[in-house]
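Remarks on the structure that follows.
The values are calculated or read from the model by the stated rules, or taken from the named source; none is laboratory data. Computed from a prediction, not measured in an experiment: that's the story for all the values here. FYI the Cβ positions are ideal-geometry reconstructions off the backbone, even for glycines, and counts take in every protein chain you see. The protein model used for the area step is the full one, side chains on, heavy atoms only, and it has no ligands, DNA or RNA in it. Shrake-Rupley method; radii C 1.70, N 1.55, O 1.52, S 1.80 Å.
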Amino acid sequence: MHQIRPIVELGDPRLRKEAMVVGRVFENAVINIISDMEVTLASTDGVGLAAPQIGESYQIIIIGSRPTDRYPLAPQMDSIVMINPSFTATNEHCEKDWEGCLSIPGIRALVPRYTEIQVDYQDINGLRLHVHLSGFIARVFQHEFDHLMGHVYLDRVESNLDIVSEKMFQELYV
Ligand code: NI
């Protein structure tokens, strides 16, 4: 059965490893990981999840933007499962905006990200797809993609002055 899995937190070496490319999309192990990721993400108020965050070293992410307590202004979308994703920025323009991470509770920070990207990935049927993402959803993608490379968003913060507590974030910016 599909189960809500514990979220791996910063300091756990599994968050710092490059995740493995998924070879066989239809393998039971892969299908089970995706199902566990879906129920785990749904049990949180996050807007995306990467497989390493449930301790699975595979290149699988879910982008599931929706308004939540953590992200009240997030756009509503159908969640997308992306296997073996890659991306290129379609222009050089970056913007700083607030991010948080289920693996780094209690903290928010301003992170520069590309605002327009072209993403290539495989869907759950193994089909290779391309999609253009912009704004907040492009940001969520880049955040989750970082997890597949063993990076976290704090690695990209330009100044410690751009880091605030979750409590102060709620007071000042929501
Ligand atoms: Ni994260």
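Only protein heavy atoms count here; on that basis, with a 1.4 Å probe, Phe87 has an accessible area of about 60 Å².
Heavy-atom accessible surface of the chain, averaged per residue, reaches 50 Å², computed with a 1.4 Å probe.
Only bridges whose two residues both fall in the chain count here: according to DSSP, what percent of them are antiparallel, nearest 5?
Numbers: 28 of 29 bridges.
Among the beta bridges of the chain, antiparallel pairing accounts for roughly 95 percent.
Across Gln53, Gln76, Gln142, mean-square fluctuation computed from a Gaussian network of the chain (C-alpha pairs under 10 Å connected) peaks at Gln76. Per-residue ellipticity at 222 nm, computed for the chain from helices alone with -39500 (n - 2.57) per DSSP H run of at least four residues, works out to -6500 deg cm²/dmol.
Defining a contact as two alpha carbons under 8 Å apart and six or more residues distant in sequence, what relative contact order in percent does the chain show? Don't skip to the answer; put the middle values down first.
Values: 348 pairs, mean separation 39.7, N = 174.
About 23 percent, as a whole number.
Tilt of helix 135-148 relative to the longest C-alpha principal axis of the chain, in degrees (0 to 90, nearest 10)? The helix 135-148 is inclined about 60 degrees to the chain.
Could you rank Asp123, Asp155, Asp45 by how accessible they are, 1.4 Å probe, largest area first?
Details: Asp123 25, Asp155 80, Asp45 50 Å².
Descending accessible area places them as Asp155, Asp45, Asp123.
Each Lys or Arg adds one and each Asp or Glu subtracts one; over the other residues with Cβ under 11 Å from the Cβ of Asp36, this totals -1.
Exactly which GluC sites (Glu not before Pro) in segment 1-68 are in a DSSP loop and have at most 12 other Cβ atoms within 10 Å?
Working: sites: Glu9, Glu18, Glu27, Glu38, Glu56; in loops: Glu9, Glu18, Glu27, Glu56.
When the GluC sites (Glu not before Pro) of segment 1-68 are filtered for loop state and at most 12 Cβ neighbours within 10 Å, Glu18, Glu27 remain.
The calculated FRET efficiency for the pair Glu92 and Val21, based on their C-beta separation and a Förster distance of 22 Å, comes to about 0.20.
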